[in-house]
Amino acid sequence: MSGCDQPGLLPLEQALERLLALADSSRVTEVETVELSRAAGRVLAEPLLATLDLPPWDNSAMDGYALRLDDWHGQSLPVSQRILAGAAPAPLAAGSCARIFTGAPLPEGADTVEMQENVELDDAGRVIFRQPLMRGQNVRARGQETRSGDCVLPAGTRLGPVEQGLAASLGVARLQVCRPLKVAVLSTGDELVEPGLPLGPGQIYNSNRLLLISWLERLGCQVVDAGIVPDDLSRTRQVLADLGAVDLILSSGGVSVGEADFLGVALREAGELALWKLAIKPGKPLTVGHFQGVPVIGLPGNPASTLVTFGLLARPYLLRRLGVSRVEPLAFEVPAGFAWSRPGKRREYLRARLENGRAVPYANQSSGVLRSAAWAEGLAEVVEGRELAEGDRLRFIPLSEILG
Ligand code: AMP
Ligand code: MG
């Protein structure tokens, strides 16, 4: 955290590098076993090794007829057996073919399948192959996808539907995953009220609490909801004292070195806290430190800033603590559907949509406007110091890449 209080703006890459270094030094090492059906959102703690070949035996990729190509010299072949998926076929009788269906095992001796659309049956029910045949056609060979012993998923893989399906295809019913991170979520601010309650003068509803809690749950974290922390030093101390053991204290608000930064004061009393001035917009202020040994990340309070800083910094940090190697979102370049004539000192993350393949920003980019992100499909990155003409290319980070 050294140097973080220095004047000047901290580029996003450097902030991320620092956070990932902190994450690397506090990786979760405890492992637990989960049922495959409960593994979504968790991170694999050990590589998943195949204990069988996939497919486990040669099988047909088509509904059709299986034959041994050497038995065929252009003549029609009698059908000696019928093989459905799930059957255990007899060896193929010499000089015959087998009726076979997709996914059914090839009988011993057969090496080729012709699809049913390309054959005719003669009056005696023999199969006339009308087209030239190639050995191995329409056969899914044993082990063509995976060989027993292959590393199918490396440790550090985040598990989702595809990984669950893949593990299931290998017969795996339970997986070794990292224990979940426990994250305390604090929403600071005297002005905050929970939805469902009446709004008093000067008050606003607390949007960050649910934004963060719901997001953390998607990331597989256990959330300790510390609720709203008022702008009061002794109450703040009390909330912190009551937190219990957590892996991260994640707060929003009160980080703009304002007079109401009681969280910062209370955290500093029992730890260390630095204010990073990020070279991004929205989301300039970020506090990073620790409290009684527990890492702390303090996000800015404006909801769009909370979203951007959580998505681009806290999310990768959390994933890295679980051992995920690729923690940054995939992004791609698209043409700008707008012009930009005021080059800024900070990199801007415009909440934007793709319209005809071009990034179009939401009209109101105020950092307080969460609605911009609900409208948007991604963050369009306008690099610092840059002007843009319509059609110039910029990076677009789909929100779907960071929200899960
Ligand atoms: P602060 O960093 O506490 O000065 O907050 C910056 C802005 O974000 C202020 O307008 C706050 O009212 C607003 N804000 C802070 N926390 C929240 C929250 N949890 N939900 C909605 N707005 C918030
Ligand atoms: Mg505040």
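Listing for the model above:
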item	result
Of all residues making up the stretch 252-290, the number that are open to solvent by 20 Å² or more (accessible area, probe 1.4 Å) and either part of a loop (DSSP other than H, G, I, E, B) or more than 15 Å from ligand 1 (Cβ to nearest atom) (or both)	14
When residues of the stretch 368-381 are limited to those that are in contact (Cβ under 8 Å) with a residue 60 or more places away in the chain and assigned to a loop (DSSP other than H, G, I, E, B), the one surrounded by the fewest Cβ atoms within 10 Å (Cβ to Cβ)	GLY368
Close pairs from the stretch 286-304: first assigned by TED's automatic domain parsing to the domain that holds LEU273 and without any contact (Cβ under 8 Å) to a residue 12 or more places away in the chain, partner surrounded by 23 or more Cβ atoms within 10 Å (Cβ to Cβ) and assigned to a strand (DSSP E or B), Cβ under 6 Å, at least 6 apart	none
From ALA104, ALA50, residue being within 30 Å of ARG320 (Cα to Cα), at pLDDT 95 or above and in contact with a Gly (Cβ under 8 Å, 6 or more places away or on another chain)	ALA50
Residues (away from ligand 1 (no atom under 16 Å from the Cβ) and over 27 Å from the mean Cα position of the chain (by Cα)) located in the stretch 226-251	SER234, ARG237, GLN238, LEU240, ALA241, ASP242, LEU243, GLY244
Total residues in the stretch 193-225, condition within 12 Å of ligand 1 (Cβ to nearest atom), without any contact (Cβ under 8 Å) to a residue 60 or more places away in the chain and under 23 Å from the mean Cα position of the chain (by Cα)	3
Filtered residue count, the stretch 53-80, keeping only those that are touching a Pro at 6+ places or on another chain (Cβ under 6 Å) and open to solvent by 40 Å² or more (accessible area, probe 1.4 Å)	1
Enumeration of residues in the stretch 110-135 that are open to solvent by less than 30 Å² (accessible area, probe 1.4 Å) and assigned to a loop (DSSP other than H, G, I, E, B)	ALA110, LEU133
Top-ranked residue in the stretch 291-306 [being touching a helix residue (DSSP H, G or I) at 6+ places or on another chain (Cβ under 8 Å) and open to solvent by 10 Å² or more (accessible area, probe 1.4 Å); ranked as farthest from ligand 1 (Cβ to nearest atom)]	PRO295
All positions within the stretch 201-242 that are small (Gly, Ala, Ser), within 16 Å of ligand 2 (Cβ to nearest atom) and more than 30 Å from SER400 (Cα to Cα)	GLY202
Cβ pairs under 6 Å, 6+ apart, first in the stretch 139-157 and charged (D, E, K, R), second modelled with pLDDT of 95 or more and open to solvent by 50 Å² or more (accessible area, probe 1.4 Å)	ARG142/TRP57; ARG142/ASP58
Hey, SER251 closer than 23 Å to ALA15 by Cβ and among the hydroxyl-bearing types (Ser, Thr, Tyr) or not	yes
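To keep it simple, each residue is scored yes or no on (1) assigned to a helix (DSSP H, G or I); (2) under 19 Å from ALA15 (Cα atoms); (3) within 16 Å of ligand 2 (Cβ to nearest atom); (4) over 15 Å from the mean Cα position of the chain (by Cα).
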{"position": "GLY298", "(1), (2), (3), (4)": "no, yes, yes, yes"}
{"position": "PHE310", "(1), (2), (3), (4)": "yes, yes, no, no"}
{"position": "ALA314", "(1), (2), (3), (4)": "yes, yes, no, no"}
{"position": "SER325", "(1), (2), (3), (4)": "no, yes, no, no"}
{"position": "PRO343", "(1), (2), (3), (4)": "no, no, no, yes"}
{"position": "GLU348", "(1), (2), (3), (4)": "no, yes, no, yes"}
{"position": "ARG351", "(1), (2), (3), (4)": "no, no, no, yes"}
{"position": "SER366", "(1), (2), (3), (4)": "no, no, no, yes"}
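The values are calculated or read from the model by the stated rules, or taken from the named source; none is laboratory data. All figures in this text were calculated on a predicted structure; none of them were measured in a lab. Every residue, glycine among them, receives a Cβ derived from its backbone with ideal geometry; neighbour counts consider all protein chains shown. For the accessible areas, the whole protein counts, side chains as well, though only heavy atoms, and no ligand, DNA or RNA atoms are used. Shrake-Rupley method; radii C 1.70, N 1.55, O 1.52, S 1.80 Å.
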